[in-house]
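FYI, it's all coordinate maths here, none of it is from the lab. Just so it is clear, the model here is predicted, and its values are computed rather than measured. Here Cβ is always computed from backbone atoms with ideal geometry, including for glycine, and neighbour counts include all displayed protein chains.
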Amino acid sequence: MIAIKAQELTYTYSVGTPFEKTAVDHINLEIEQGEFVGVIGHTGSGKSTLIQHFNGLLKPTSGKIYINGTDLWAEDTVRRAYRVKVGLVCQYPEFRLFEETVYKDIAFGPGNMGLSPAEIDQRVRQAAAAVGLKPKTLDSSPFELSGGQKRRVAIAGVLAMEPDILILDEPTAGLDPKGREQILSLIKAYHKQRRNTILLVSHSMEDIAKYAKKVLVLSKAGVVMYDDVANVFSRAKEIEKIGLSVPQITRVFELLRDQGYPVSDSIYTLEYAKQELLRMLEERGVPHA
């Protein structure tokens with residue numbers, strides 16, 4: 001089943017003014033249900049504008065957007081319902097925390113869905129557990145928490161609405177390496193458990209390579225690539241030509257190939273690099289531990 005479909009999707013800011021700019025230009029895209037997609041692109045490529053169409057925050061200038069087969073902007077579509085089905089975690093979401101306790105902040109979204117108190121309570125506790133928050137934290141003020149914990153609370157507030165599609169826009173921005181690893185590992189575990197559709201927008205090619213299954217590459221308001229991680233990063237030179245980086249390990253193996261070493265062009269994580277080097281040693285009869 002197709003979770004997200006964009007058909008000739010176009011969005012232009014400030015139409016009819018000297019500041020008119022097309023941020024998304026005739027994009028055609030299909031993302032299947034259950035995919036974990038990494039979204040990359042340089043600043044101004046259209047990433048943020050595109051993802052805001054997926055839950056109806058922006059209305060297309062032209063073209064259509066379908067969520068689970070429904071035209072989001074058809075006259076009979078109840079868009080409010082789809083803003084629940086498509087959860088969007090914006091950059092620095094902790095700045096939007098406002099309730100007295102962590103529990104109330106996480107419960108805010110489910111509370112607006114008309115759920116029973118028992119259902120809300122269950123969702124709050126499940127979402128808190130999914131992002132690694134201890135039960136005793138629920139009674140604390142969110143403003144007493146560390147930056148990383150606040151980020152978890154904000155993400156939990158979206159998870160508690162149990163969206164079919166979860167979109168995270170730079171969810172680890174500003175976090176230290178340990179905090180980034182923890183957040184992304186929790187998101188990966190959540191995806192494995194729920195099997196919902198996840199879009200991860202990130203500037204970190206290493207994070208995309210490690211966690212995503214597919215990669216959507218945007219440039220100049222359009223889609224340049226959408227394929228499996230290995231296939232995308234095997235086109236390292238093309239990616240670099242549009243001003244993007246590739247994982248450092250991919251670059252290392254690209255340099256090895258340029259020097260004549262017969263290494264794979266689909267190396268994008270340290271684990272794959274290790275396996276490839278062991279393969280080469282074995283072919284050359286070099287013993288290894």
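What ranking, highest mean first, results for peptides 243-255, 39-51, 57-69 when packing means the other Cβ atoms within 10 Å averaged over each residue? Walk me through the numbers on the way to the answer.
Values: 243-255: 18.0, 39-51: 20.5, 57-69: 16.3.
Packing order, densest peptide first, comes out as 39-51, 243-255, 57-69.
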Open item on the list: Using the basic label-point model (7 angstrom from Cα toward the beta carbon), what is the ASP121 to ASP139 distance in nanometres?
Closed with: 1.5 nm
- [ ] Work out the FRET efficiency for ASP265 and MET1 from their Cβ-Cβ distance, taking R0 = 25 Å, and round it to the nearest 0.05.
- [x] 0.20
Task: Label-point separation, ALA129 to ASN28 (7 Å along Cα→Cβ), nm - done: 4.5 nm
- [ ] Give me the angle, in degrees from 0 to 90, between the Cα long axis of helix 147-159 and the longest principal axis of the Cα atoms of the chain, rounded to the nearest 10.
- [x] 70 degrees
TODO: Identify the residues of the stretch 6-36 with backbone N under 12 Å of a label point that sits 7 angstrom from the Cα of SER62 along the Cα-to-Cβ direction, or state none.
DONE: 8-12, 25-27
Task: Cα-based helix-to-principal-axis angle, 177-194 vs the chain, degrees rounded to 10 - done: 70 degrees
Task: All aspartates and glutamates inside 14 Å of LYS213 as judged from Cα atoms, apart from same-chain residues fewer than 8 positions distant - done: GLU32, GLU35, ASP227, ASP228
Task: Proximal lysines to LYS59, defined as alpha-carbon separation beneath 18 angstrom and excluding residues fewer than eight positions away on the same chain - done: LYS5, LYS21, LYS47, LYS85
Open item on the list: Tell me the angle of helix 270-283 to the major Cα principal axis of the chain, expressed in degrees between 0 and 90 and rounded to the nearest ten.
Closed with: 20 degrees
- [ ] Report the net charge of residues surrounding ASP227, where surrounding means a beta-carbon distance below 11 angstrom and charges are Lys +1, Arg +1, Asp -1, Glu -1.
- [x] +2
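R0 = 51 Å: FRET efficiency of LYS274 with GLU8, Cβ-based, nearest 0.05?
Details: r = 44 Å, r/R0 = 0.86.
Calculated value: 0.70.
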Task: the chain - percent relative contact order, Cα under 8 Å, separation 6 or more - done: 20 percent
- [ ] Please give the contour-minus-distance gain from ILE242 to PHE19: 0.36 nm per residue of separation, less the Cα-Cα distance, rounded to one decimal in nm.
- [x] 77.9 nm
TODO: Any chance you could run the full-extension gain for TYR92 through GLU282? It's 0.36 nm times the residue separation minus the Cα-Cα distance, nm to one decimal.
DONE: 63.7 nm
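Restricting to DSSP H runs of at least four residues, report the calculated mean residue ellipticity at 222 nm for the chain, -39500 (n - 2.57) per run over all residues, nearest 500 deg cm²/dmol.
-11500 deg cm²/dmol
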Task: Residues in the stretch 101-127 that a label on ARG80 would reach, taking backbone N under 18 Å of a point 7 Å out along Cα→Cβ - done: 108-116
